[in-house]
Amino acid sequence: MADQCMPGWILATLFGLSAIYYLVTKKKEQRANKDLLEARSESVNSIATTSGECRSSNVSDVDVIIVGAGVAGAALAHTLGKDGRQVHVIERDLTEPDRIVGEFLQPGGYLKLIELGLEDCVEKIDAQRVFGYALFKDGKHTRLSYPLEKFHSNVAGRSFHNGRFIQRMRDKAASLPNVQLEQGTVISLLEDKGTIRGVQYKTKDGQELKAFAPLTIVCDGCFSNLRRSLCNPKVDVPSCFVGMVLENCQLPCANHAHVILGDPSPILMYPISSTEVRCLVDVPGQKVPSISSGEMAKYLKTVVAPQLPPEVYDAFLAAVDKGNIRTMPNRSMPAAPYPTPGALLMGDAFNMRHPLTGGGMTVALSDIVVLRNLLRPLCNLNDAPTLCKYLESFYTLRKPVASTINTLAGALYKVFCASPDQAMKEMRQACFDYLSLGGVFSAGPVSLLSGLNPRPLSLVAHFFAVAIYGVGRLFCHSLHLNASGLELD
């Protein structure tokens, strides 16, 4: 009798557990949605309108408000301004930024600069041309060149001081009569019946104002305080960069970015001027050694320095002794937008990936090209339903480039980090050996990384190729060991 009832008991138990799981997850989901709505309400203010119209306080009506004038915001302002839009840019600080990231532009990003008419922004800032990567591991190195044979001779990667590049783009945007750059801090987005109508902001002198436009584009960077109202931000911080500038340092491979597969994680070096080399040491996790106590200097000298190529060793130690050491958390955030009438997120406020591969600016500039092409047929941005449809298609059209670069950035970082796991060690070695084969084995992945060929299918093909190569390598190694054992017998 007990045996006959057993299936019933099992089914009843399963149904009961399923019901409990459903109720618990549903409650969690409701709580999460409530938290998201509360977070959203913090950065959005509801407004009342007269006769359904919103007017800017400026003399002339504004088509687009852009929050932030970093790489994405400044490039977008110039692009939309050149298309005849009335653009109002509100930037928290219009002085030259001083950052340790946003200094490396892939060739694919440079091609987007050309497409946007901004290629002259890398001129007169002592920007350095970059023709590929030099990859170092255990005293060996391989050179990975960008496949640039089919392009104009001026097409290459560029590395530079981030602030100089941004100021060039701001100046170019401000030179257009229909683009207004204003220093101010945006407090919140203004919403009316589910549609974003503009922003509330505080001017440089502390006065609170409202500005209205049919389209508001938020480009306020990785520390965005407005993104919560326009997306579901799931920010991950896998590591931190420790940044320094090496002076009068000759890299082993001129005009190449250098990636040292160190322990515990990669070290990145590239020129940012004719006399300076940026060094970024990746430190896994969110906690780094203290700079003030001297722990950081000790870590850099005892753990990092011995793993560097001898050509940069002395310059690295000199930079550590000089003491101008800075840190920056490396953020990763998938694009998870709430399609919102009248508003759009762009740049690091919208989507981030690990900066090891230097793909951020390429993705941002590619997004701007997509948005520009989408908006060109729309003469009147006040047609809210049509504008909303166009903006929704933006999220689909950006995916091939963004998803390829984002996926590759995350995968390479994981593979390039040292690990006690034997399988990960083998994968790291297999990746290095695969890229060292040259030809299509290096040109394919590098063309993906550089944004020259951002095709998801090509990315999948190379992932499988590396995996198969790694398995074959292990198999051959096993056969060799077996053969050696037989000889000894």
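The values are calculated or read from the model by the stated rules, or taken from the named source; none is laboratory data. Keep in mind that what you see is a predicted model, and the values were worked out from it rather than measured. Every residue, glycine among them, receives a Cβ derived from its backbone with ideal geometry; neighbour counts consider all protein chains shown. All accessible areas refer to the heavy atoms of the entire protein, side chains included, with ligands and DNA or RNA removed. Shrake-Rupley method; radii C 1.70, N 1.55, O 1.52, S 1.80 Å.
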Run through all the Cα pairs of the chain and give the fraction in each 10 Å bin from 0, expressed as whole percent.
-> 4, 17, 26, 23, 16, 9, 4, 2, 0, 0
Share of alpha-carbon pairs per 5 Å distance bin for region 239-361, given as whole % | 2, 10, 19, 21, 17, 12, 7, 5, 3, 2, 1, 0
Excluding residues fewer than 8 places away in the same chain, name every one of the aspartates and glutamates whose C-alpha is closer than 19 Å to that of LYS202.
-> GLU42, GLU91, ASP93, GLU182, GLU191, ASP220
Positive-pole candidate from LEU378, SER436, ALA349, dipole of the chain, charges at beta carbon = LEU378
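Give, as a single signed number, the net charge of other residues whose beta carbon lies under 10 Å from the beta carbon of GLU182, with Lys and Arg counted +1 and Asp and Glu -1. Mind showing how you got there, number by number?
Details: positive: LYS204; negative: GLU91.
Here the count lands on 0.
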Under 5 Å between amide H atoms, partner at least 5 residues away or on a different chain: which partners does ARG197 have, H built in plane at 1.01 Å?
-> LEU190, GLU191, ASP192
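Please report the net charge: other residues with Cβ closer than 11 Å to the Cβ of LEU381, K and R +1, D and E -1. List each step's numbers first, then the result.
Values: positive: ARG85; negative: ASP61, ASP63, ASP383.
Net charge in that neighbourhood comes out at -2.
For GLU276 and GLN422, compute 0.36 nm times the residue count separating them, minus their Cα-Cα distance, and round to one decimal in nm. The partial results should precede the final answer.
Values: separation 146, 0.36 × 146 = 52.56 nm, distance 3.78 nm.
Value of the extension gain: 48.8 nm.
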Okay, which of region 285-307 sit inside 19 Å, backbone N to the point 7 Å along the Cα-Cβ direction of ASP321?
-> 294-307
For region 419-480, give the percent of accessible area contributed by carbon and sulfur heavy atoms, probe 1.4 Å, rounded to a whole number.
-> 73 percent
So, with a 1.4 angstrom probe, what is the percent of accessible area on region 236-331 that is carbon and sulfur?
-> 49 percent
Listed residue (GLY294, LEU317, PRO266) projecting farthest to the positive dipole end of region 236-331, Cβ model | GLY294
Roughly how big is the chain's charge dipole about its Cα centre, with Cβ charges of +1 (Lys, Arg) and -1 (Asp, Glu), in debye to the nearest 20?
-> 640 debye
Cα→Cβ-extended label distance, 7 Å offset, between THR95 and MET328, nm | 1.9 nm
Given the candidates VAL446, CYS240, GLY198, the one whose Cα lies deepest towards the positive end of the charge dipole of the chain, counting +1 at each Lys or Arg C-beta and -1 at each Asp or Glu C-beta, is GLY198
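May I ask you to derive the FRET efficiency for THR386 and VAL440 from their Cβ-Cβ distance with R0 = 35 Å, giving the value to the nearest 0.05?
Details: r = 45 Å, r/R0 = 1.27.
My answer for the efficiency is 0.20.
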Cα-Cα longer than 29 Å, checked against LYS112/LYS322; LYS137/LYS301; LYS140/LYS399; LYS150/LYS399; LYS204/LYS389, kept in input order, equals LYS112/LYS322; LYS140/LYS399; LYS204/LYS389
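Using a Förster distance of 30 Å, how high is the FRET efficiency between ASN248 and ASN373, based on the Cβ-Cβ distance and rounded to 0.05? Before the final figure, lay out each step's value.
Values: r = 44 Å, r/R0 = 1.48.
Computed FRET efficiency for ASN248 and ASN373: 0.10.
Could you order the peptides 108-114, 241-247, 119-125 from most to least packed, using the average number of other C-beta atoms within 10 Å per residue? It would help to have the intermediate numbers written out before the result.
Values: 108-114: 22.4, 241-247: 20.7, 119-125: 15.9.
The peptides rank, most packed first, as 108-114, 241-247, 119-125.
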Integer Hz, Karplus 6.51/-1.76/1.60 couplings in order for region 139-145, x for Gly and Pro | x, 9, 8, 9, 9, 10, 8
Residue-averaged [θ]222 nm for the chain, counting only DSSP H segments that reach four residues, each worth -39500 (n - 2.57) | -13500 deg cm²/dmol
Mean separation of Cα contacts under 8 Å (6+ apart) over length of the chain, as relative contact order % | 18 percent
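Just for the chain, what percent of DSSP beta bridges are antiparallel, to the closest 5?
Values: 50 of 73 bridges.
Looking only at bridges with both residues in the chain, the antiparallel portion is about 70 percent.
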Identify all aspartates and glutamates with a Cα-Cα distance to LYS298 below 17 Å; exclude those on the same chain that are fewer than 8 residues away in sequence.
-> ASP263, ASP282, ASP314, ASP321
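Over region 308-405, with the other protein chains present, what is the accessible area per residue in square angstrom, probe 1.4 angstrom?
Working: 3810 Å² over 98 residues.
On a per-residue basis, region 308-405 sits at 39 Å².
Sorting LYS137, LYS172, LYS287 by accessible area (1.4 Å probe), largest first, what list results? Mind dumping the intermediate values first?
On the way: LYS137 20, LYS172 50, LYS287 175 Å².
Putting LYS137, LYS172, LYS287 in descending order of accessible area: LYS287, LYS172, LYS137.
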Enumerate the calculated ³J(HN,Hα) couplings along region 82-96 in order (Karplus 6.51 cos²θ - 1.76 cosθ + 1.60, θ = phi - 60°), each rounded to whole Hz, writing x wherever the residue is Gly or Pro.
-> 5, 7, x, 6, 7, 10, 10, 9, 10, 10, 4, 8, 8, 6, 5
Region 119-191, accessible area per residue, ligands and nucleic acids excluded (1.4 Å, Å²) | 46 Å²
